[in-house]
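Encoded as structure tokens, the structure appears first; notes follow it.
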Amino acid sequence: MRKEEVIDLHFGFFRDFGFAFHPQHLLFEKPFTEGNQVIFVHYTEYPDVSYLEYKLGIRNHLVETIIHKFLPTLSDYAQRSITLIQSPDAIQAGFPKRFVLDHEFNLIEAIEKGEEFLVKHGFHWLDTMSDSKSLELAFEIQQAQPFPNQNFVYHAFRGVTLARLYHREGYEELRQLYLHQIKQKELTPFTIASFLQLLDFLDHL
């Protein structure tokens, strides 16, 4: 089965919960005041086995706009970057990270399980992370340990920006923590300079 056909099987379900399909980015998205909730449906087919995987994410438009002023990324990536993305097992302990088809589940069973997860846990997590203070807290709790789907540089840039915007009383402490970690990671001089420029921008907000 083609990936497009698997995505088609999800249309009605996501539409019922207010999500629309974005054909260029191949994801389902739902706007909220400060950004978008996003859900990726990944289907991978091999000769002997296939996989179905879901990823849930939050994009905070202001955070992404700020950090990409200082990160060396393509402009089109800045328009579609995701502030936080998680797999279901990181949201609900015991839930599979991905479904192995033709082994434990057939495709329809896997989709039903995925939809059940979203109704019971996934949509609630998306709604919680749509609150910017909750999103900031998720980064603050994580601190030095980047999220599995995010490298340290992006984690630090997003974490310190969220702290400045939504946790001002804790900003100075988190600012020093991220700055120390950036220097300790032996990153390139360009990356360190970019982070310092970001800090200067945030300090004057």
Item to check | Meets criteria (touching a residue at least 40 places away in the same chain (Cβ under 8 Å), surrounded by 21 or more Cβ atoms within 10 Å (Cβ to Cβ) and either touching a His at 6+ places or on another chain (Cβ under 9 Å) or among the basic types (K, R) (or both)) for I58 | outcome: no
Next on the checklist: Looking at the stretch 39-74 only, could you name the residues that are more than 23 Å from R15 (Cβ to Cβ) and in a strand (DSSP E or B)?
Outcome noted: T44, E45, S50, Y51, N60
Item to check | Only listed residue being basic (K, R) and surrounded by fewer than 18 Cβ atoms within 10 Å (Cβ to Cβ), chosen from R164, R168 | outcome: R168
Checklist entry - If you take the residues in the stretch 7-38 that are part of a helix (DSSP H, G or I) and not basic (K, R), which one is most open to solvent (accessible area, probe 1.4 Å)? => result D16
Checklist entry - Scanning for something in contact (Cβ under 8 Å) with a residue 40 or more places away in the chain and either touching a helix residue (DSSP H, G or I) at 6+ places or on another chain (Cβ under 8 Å) or among the polar types (S, T, N, Q) (or both), does the stretch 163-185 turn up at least one residue? => result yes
Next on the checklist: Being on the phi < 0 side of the Ramachandran plot and under 23 Å from the mean Cα position of the chain (by Cα) is the requirement here; does L179 meet it?
Outcome noted: yes
Item to check | Top-ranked residue in the stretch 146-192 [being modelled with pLDDT of 90 or more and of a type in the set (K, R); ranked as nearest to S87 (Cα to Cα)] | outcome: R158
Next on the checklist: Please go through the stretch 90-118 and give me each residue that is closer than 24 Å to P31 by Cα and among the charged types (D, E, K, R), ordered by number.
Outcome noted: E115, E116
Next on the checklist: Pull out all pairs, ordered by first then second residue, where Cβ-Cβ is under 6 Å, the residues are six or more apart or on different chains, the first lies in the stretch 112-124 and is over 12 Å from F19 (Cβ atoms), and the second is open to solvent by less than 10 Å² (accessible area, probe 1.4 Å) and of a type in the set (A, V, I, L, M, F, W, C).
Outcome noted: none
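Table: residues versus (1) among the basic types (K, R); (2) surrounded by fewer than 17 Cβ atoms within 10 Å (Cβ to Cβ).
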residue	(1), (2)
V100	no, yes
F105	no, no
H121	no, yes
H124	no, yes
Y154	no, no
R158	yes, no
E172	no, yes
H180	no, yes
P189	no, yes
Checklist entry - Do we have any residue at all in the stretch 136-149 that's in contact (Cβ under 8 Å) with a residue 24 or more places away in the chain, touching a Phe, Trp or Tyr at 6+ places or on another chain (Cβ under 8 Å) and surrounded by fewer than 19 Cβ atoms within 10 Å (Cβ to Cβ)? => result no
Next on the checklist: Considering only residues that are closer than 15 Å to L56 by Cβ and more than 17 Å from the chain's Cα centre (by Cα), which ones fall in the stretch 73-92?
Outcome noted: none
Item to check | Test set (1) at pLDDT 90 or above; (2) within 21 Å of the chain's Cα centre (by Cα); (3) within 29 Å of P31 (Cβ to Cβ) - F195 fails condition number | outcome: (3)
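The values are calculated or read from the model by the stated rules, or taken from the named source; none is laboratory data. Values in this document were obtained by computation on a predicted structure and should not be read as measured data. Heads up, the Cβs are rebuilt from the backbone with ideal geometry, glycines too, and the neighbour counts pull from every protein chain shown. For accessibility, only protein heavy atoms count, side chains too; no ligands or nucleic acids. Shrake-Rupley method; radii C 1.70, N 1.55, O 1.52, S 1.80 Å.
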